[in-house]
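Asker: The structure follows.
Just so it is clear, none of the values below were taken in a lab; they were calculated from the coordinates. Treat the numbers as computed from the prediction; the structure is a model and nothing was measured. Don't worry about glycine lacking a Cβ; one is built from the backbone with ideal geometry, like all the others, and counts go over all protein chains shown.
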Amino acid sequence: GDVGLAGVGDVWMELDGMPLEDMTEIDMLTLSLGSHTLTVYAEDRASNMSSASVTFSVETSLLSLMESLERFYMEGKIDNEGIYNSMMVKLAAGMKAKNDKTMLNILNALVHELEAQSGHHITEDAANLLLSDIHWLIEHPEFLR
């Protein structure tokens, strides 16, 4: 039978009001911390449009920092095993720290190491993502535990 104008004509998505080129996967690591809105739009062949949105929050933790470090090392964005291990040891010590002061000291040491290695043994992009997460944790110590 003839369906006429029925059926989906076009579907697209926006993240925080910006069109998403690749609609299959969003890399959470590349999103800034805080609140984001994903909107899916659909238009049928008769130009009727509808949309649905979901708001989600991107947060970080010492564990997610370790996962990011590991990913950057595997991707070659950290090209020195000694530096990678040094930063992992700091994060592991941070997870075992008994108080926030010790943990903040460890995070600040990590900041200095990242700033020193950015553009050398760590790509600037990777260093900036890690630094932004660490600075956010320093400002939101309730997420350290």
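Asker: At a temperature of 25 °C and a viscosity of 0.890 mPa s, determine how fast the chain diffuses translationally according to Stokes-Einstein, using the Kirkwood radius over alpha-carbon pairs as Rh; express D in µm²/s, rounded to the nearest whole number. Let's see the in-between values first.
Answerer: Working: Rh = 17.7 Å.
Calculated translational D: 138 µm²/s.
Asker: When the distances between all Cα atoms of segment 54-102 are binned every 10 Å from zero, what whole-number percent does each bin get?
Answerer: With a bin width of 10 Å, the distribution comes to 23, 44, 25, 8, 0.
Asker: Under 20 Å from a point placed 7 Å out from the Cα of Asp125 along the Cα-to-Cβ direction: which residues of segment 59-73 have their backbone N that close?
Answerer: Hits in segment 59-73 for Asp125 at 20 Å: 65-73.
Asker: Here's a follow-up. Fully extended, how many nm does the chain gain between Trp136 and Asn85 (0.36 nm per residue separation, minus their Cα-Cα distance)? If you can, show how the numbers build up before the last one.
Answerer: Numbers: separation 51, 0.36 × 51 = 18.36 nm, distance 2.25 nm.
The Trp136-Asn85 span can extend by a further 16.1 nm.
Asker: Output the relative contact order of the chain, whole-number percent, from Cα pairs under 8 angstrom with separation of 6+ residues.
Answerer: Details: 167 pairs, mean separation 28.5, N = 145.
Value for the chain: 20 percent.
Asker: Let me ask something else. May I ask you to list the residues of segment 46-81 whose amide nitrogen lies under 13 Å from a point 7 Å from Cα along the Cα→beta-carbon direction of Lys101?
Answerer: Answer for this model: none.
Asker: Put one equal scatterer on each alpha carbon of segment 67-145, apply the Debye formula with no solvent term, and list log10 I(q)/I(0) at q = 0.14, 0.16, 0.25 1/Å to two decimals.
Answerer: Those come out to -0.41, -0.54, -1.23, one per q.
Asker: Return the lysines within reach of Lys77: Cα separation strictly under 26 angstrom, same-chain partners fewer than 8 residues apart disregarded; answer none if there are no such residues.
Answerer: Leaving aside lysines fewer than 8 places away in the same chain, those within reach of Lys77 are Lys90.
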